[in-house]
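Structure first, commentary second.
The values are calculated or read from the model by the stated rules, or taken from the named source; none is laboratory data. As the structure is a computational prediction, the values presented were derived from the model and not from experiment. Every residue, glycine among them, receives a Cβ derived from its backbone with ideal geometry; neighbour counts consider all protein chains shown.
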Amino acid sequence: MRNQKICIIGDGLSGLTTALSLKNLNLEIDLFYKEPLRPSVIDTRTTAISQSSFKFFEEEINIKKSNLFWPCKKINLFYEKDNKNFNFLNYEEDKNNLMYIYQNQKLKKYLFQKLKKFKNVKLIKKEIKEINHEEGYVELLKKKRKIYDLVILCLGRESEHYKKIFKGKSIKKDYNEVAITCHIKHNLKINAASQYFYEEGPLAILPFKNSFFSLVWSVSNNFFEKNNLNIRSIIEKKLKTILKTTSKIKISNVKSFPIYLRLSKKYHKQNCLILGEGLHTIHPIAGQGFNLILRDIKKLKELIKKNIDLGLNIKNSFVLKNFYNSRNAENTIFGVGVDITNSFFKKNKHFDRTKFALLDNIVKYKNFKKITKYISDKGFF
């Protein structure tokens, strides 16, 4: 049986990780990208992945020696009441790590360079003019066509190709919020990740190396537009209150990204599949977005491998249908669950007293930590 051909369009973390996870399956992989990584383009985002997701990187991508991931053994959660922070829940591990934190841009660069080492993976810097899902070909500029057994779209949140092929069929919710991200340099001892639920919106602190942490603060569009010019001083004041310090902190690379919920109702059409944020985009409050993507990639690899072992062609099999059946439920539950969590922690003077009492009682439940830690790490299924 000939080696089957797979096309991956997009060189974000989803596309690069997918290519690396499939590299040893006797496939010919073409990864199309527009621009190589440019040092002048700064991506301040950091991402946290669970212990299970990190193991996937270790086993599938052999990333343990890269020093890109910062281990974290403790997570603290706080809510604001009467202008004070109350620590209502802590997760802590003695032996294992709860999660690993990395800088998106550095990991992307590492994965891109790693792909260059494999002969069956071609990195192609060409623009895609058209994707024909019915006949399974990708058309480049100058009308050159390439036929594939599977086309995987990893084009981020917005893509004209998605709209054209899948007609925009998805569950959508615009939060009218932005995630403010930046890097903080400090001289304090900060080893734990923290999440603070404030009136303005949830604020996360993610340490990614000594003397540095990343801030992710989800705020309303109105708040951001009103305070955009003074956002650095607002962040500094907020952090000094949180950290109870008068020491100097340095804020750099302040960026903002729109926040919304989108869960695609269709995962594939013929032999064309969506992966990554185009498949599901959720609120960053729980840090589960890329963990879901990695579970998708892991399941896709498992199904493709099984198909190849049986001597079947991806294009004419049930791989993509089985992928939808195995991943849709969990992705939907997480998307809706995170949305409910975000609504629960929003400031509401009529509900706050009940909310705080409910929180205090829930966290006392004997198995609450165990269950929520397991779901955050491994998912539902």
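Taken over region 324-348, residues that are in contact with a Ser or Thr (Cβ under 9 Å, 6 or more places away or on another chain) and either closer than 16 Å to Tyr198 by Cα or free of Cβ contacts under 8 Å to residues at least 40 places away in the same chain (or both) amount to 1.
Going by what's in this entry, would Arg327 be described as touching an Asp or Glu at 6+ places or on another chain (Cβ under 6 Å) and outside any loop (DSSP other than H, G, I, E, B)? Yes. Scoring Leu300 on the criteria (1) buried (at least 21 other Cβ atoms within 10 Å of the Cβ); (2) at pLDDT 95 or above; (3) closer than 24 Å to Asp174 by Cβ leaves a single failure, condition (3).
Within region 95-105, does at least one residue satisfy the condition of being modelled with pLDDT of 85 or more, under 30 Å from Thr241 (Cβ atoms) and part of a helix (DSSP H, G or I)? For region 95-105, residues modelled with pLDDT of 85 or more, under 30 Å from Thr241 (Cβ atoms) and part of a helix (DSSP H, G or I): present. Somewhere in region 159-181, is a residue buried (at least 19 other Cβ atoms within 10 Å of the Cβ), modelled with pLDDT of 85 or more, of a type in the set (A, V, I, L, M, F, W, C) and more than 30 Å from Lys248 (Cβ to Cβ)? No.
Beta carbons closer than 6 Å, at least 6 apart along the sequence or on distinct chains, pair a first residue in region 271-297 that is touching a residue at least 60 places away in the same chain (Cβ under 8 Å) with a second that is among the aromatic types (Phe, Trp, Tyr) and not in a loop (DSSP other than H, G, I, E, B) for Gly278/Tyr162; Gln288/Phe334; Leu292/Phe334; Leu294/Phe56. Within region 208-221, identify whether any single residue is under 22 Å from Ile49 (Cα atoms), surrounded by 13 or more Cβ atoms within 10 Å (Cβ to Cβ), of a type in the set (S, T, N, Q) and under 23 Å from the mean Cα position of the chain (by Cα), and answer yes or no. Scanning region 208-221, I find at least one residue that is under 22 Å from Ile49 (Cα atoms), surrounded by 13 or more Cβ atoms within 10 Å (Cβ to Cβ), of a type in the set (S, T, N, Q) and under 23 Å from the mean Cα position of the chain (by Cα), so the answer is yes. Among the residues of region 233-252, not a single one is closer than 19 Å to Ala48 by Cα and either of a type in the set (Val, Ile, Thr) or out of contact with any helix residue (DSSP H, G or I) (no Cβ under 7 Å at 6 or more places or on another chain) (or both). I'm trying to understand the selection: among the residues of region 330-377, which are of a type in the set (Lys, Arg), surrounded by fewer than 13 Cβ atoms within 10 Å (Cβ to Cβ) and over 26 Å from the mean Cα position of the chain (by Cα)? Hits for region 330-377 are Lys349, Arg353, Lys364, Lys366.
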